[in-house]
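Asks: Have a look at the structure that comes next, please.
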Amino acid sequence: MDRNRIQKVIQPIIHLPQVNSVGVIGDPGCEGLGTYNMKVFAGTLEKSAQDDITLIAGDLVPAGNAHYYQEISDLTEILAHNDVYVLRGNHDTGDYTDYFGEKNYALITDAFALVVLDNAMRTFEQEGLKLLSQVLKREDVKRVIIAFHIPVPNHYIRNSVSEEEFTRLKEVYQPWKEKVKYLVCGHVHSRFEDMVDGIPLICTGGGGALIEDVSEDIRSCDVEHHMVHFFMKNGELQYRFENLSENCYERERKNPILRENLEKTVEAELMAHLKYLTFADRARRRGMEKIANLFEALASSEYHHARNFYSIIENPAPFGESIKTYTPIEEFEHQRSYQMMEEYAREKNEPLSRQAFSGAGAAEKIHEQLLKEAEDLEHFQKDIIYVCPICGYVMTGENVPDRCPVCGGPKRQYEVFEAKKD
């Protein structure tokens, strides 16, 4: 029988003599355990396979009840390639100890010690500080990583424990400060490196949660999902970040039967999405706002289902290169596919199909132009985009026509998409 990958810590000090590296994954589940988020977590677990053990630096779940803990435990047991230890985050409350045991503990290897401290409530527990002192004073411990969830005060963010709490921590490690090689935390859905009290602080929160802006210098668009590797090299304890591509997990799309059924499911969910939106339009035209609202909500639900299924089989290019992969699709549609079908419908005297292909083709041509402009991500300047809800034509600029140039739909009905200001 295979051993459990997730380790329930039942004693404060654990000896792991054969361990020389640890992979650290931050904040995989605090925004939910949906498939779209868990794909990133699955990718980090695959990357962490190159390390001897893995540490989750907090917020494994969105809330600390048994349902979420069981769900993430089941998933991790299947996907993890090494033993996984967990650090309690501010979302990991409730039933944490039932699943993961001790909140403060130390993993002592021949090369280094990893001391895990609980500060999920923005205070370091006395029990943990006492353990840290006990480990630091050991003569066989030469290098220490101190890991906790919420950052200590630093130069980048204010979302940290208080200066008083940091002082409590410093007072404990001060007599053996030369042994403390790194402070490691999560909580912030980004990454940064800093020096605090002369010790490197490594903040990593890129294991699944949506990446957020930290400051003007650390923007979400500049940070990828990621993890951190700590390892011994040339007698030194070193670290490196490893970014995850958006194609970070591919195991399940390699199963041909599963892939085929996932593709069919995506199509079915998107068709349901369209049907519900269409019915919502019909209901709204009859003044039945509550019914329209219901079907718009159902349509949104079906879209998110489709996105989750699609995320499993998606094989995207790197973000900066993705836009250029969409342009040929629009080009083919308006230059070849839709034009041929429009001509066929004309020959067969099918006026509605001819009209639909003609209108869509005109819109696809604009799509192609906009996508070509958007390939230059930093200099794309279209802040407001209008879509005619009657035929789907797309317009930009300040002086859009009072009526859609394709179908004549009135300007008052245009859908307006306005980019948020930076």
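Asks: Rounded to two decimal places and with Rh computed the Kirkwood way over Cα pairs, what is Rg over Rh for the chain?
Replies: My calculation of the ratio gives 1.08.
Asks: Could you order C185, C221 so the one with the most accessible surface comes first? Probe is 1.4 Å.
Replies: I get C221, C185, largest accessible area first.
Asks: Continuing with the same structure: Report, in listed order, any pair from K39/K264; K142/K233; K47/K130; K264/K290; K179/K233; K130/K179 with a Cα-Cα distance greater than 26 Å.
Replies: Too far apart for the 26 Å limit: K47/K130; K264/K290.
Asks: Tell me, what is the per residue accessible area of the chain in Å², probe radius 1.4 Å?
Replies: For the chain, the per-residue accessible area is 54 Å².
Asks: Return the whole-Å distance between the Cα centroid of segment 252-268 and the Cα centroid of segment 196-251.
Replies: If we compute the Cα centre of each part, the gap is 32 Å.
Asks: Using a 1.4 angstrom probe on heavy atoms only, work out the carbon and sulfur share of the accessible area of the chain in %.
Replies: Within the chain, the accessible surface is 49 percent carbon and sulfur.
Asks: Now a separate question. Suppose only helical runs count, i.e. DSSP H with n ≥ 4. What mean residue ellipticity at 222 nm does that imply for the chain under -39500 (n - 2.57) per run, divided by all residues and rounded to the nearest 500 deg cm²/dmol?
Replies: -12500 deg cm²/dmol
Asks: Follow-up question, since we're still on this one. Between segment 109-137 and segment 25-49, what is the separation of their alpha carbon centroids in Å?
Replies: So the separation of the two Cα centres works out to 26 Å.
Asks: Further question on the same structure: With everything on Cα atoms, drop me the angle between helix 319-332 and the longest principal axis of the chain, reported from 0 to 90° to the nearest 10.
Replies: Roughly 20 degrees, rounded to the nearest 10.
Asks: Can you give me the relative contact order of the chain as a percent, contacts being Cα pairs under 8 Å and 6 or more apart?
Replies: 12
Asks: Then there is this: With everything on Cα atoms, drop me the angle between helix 256-285 and the longest principal axis of the chain, reported from 0 to 90° to the nearest 10.
Replies: Roughly 60 degrees between the two axes.
The values are calculated or read from the model by the stated rules, or taken from the named source; none is laboratory data. As the structure is a prediction and not an experimental result, all values here were calculated from the model. Protein only, heavy atoms only, side chains kept; ligands, DNA and RNA dropped before computing areas. Shrake-Rupley method; radii C 1.70, N 1.55, O 1.52, S 1.80 Å.
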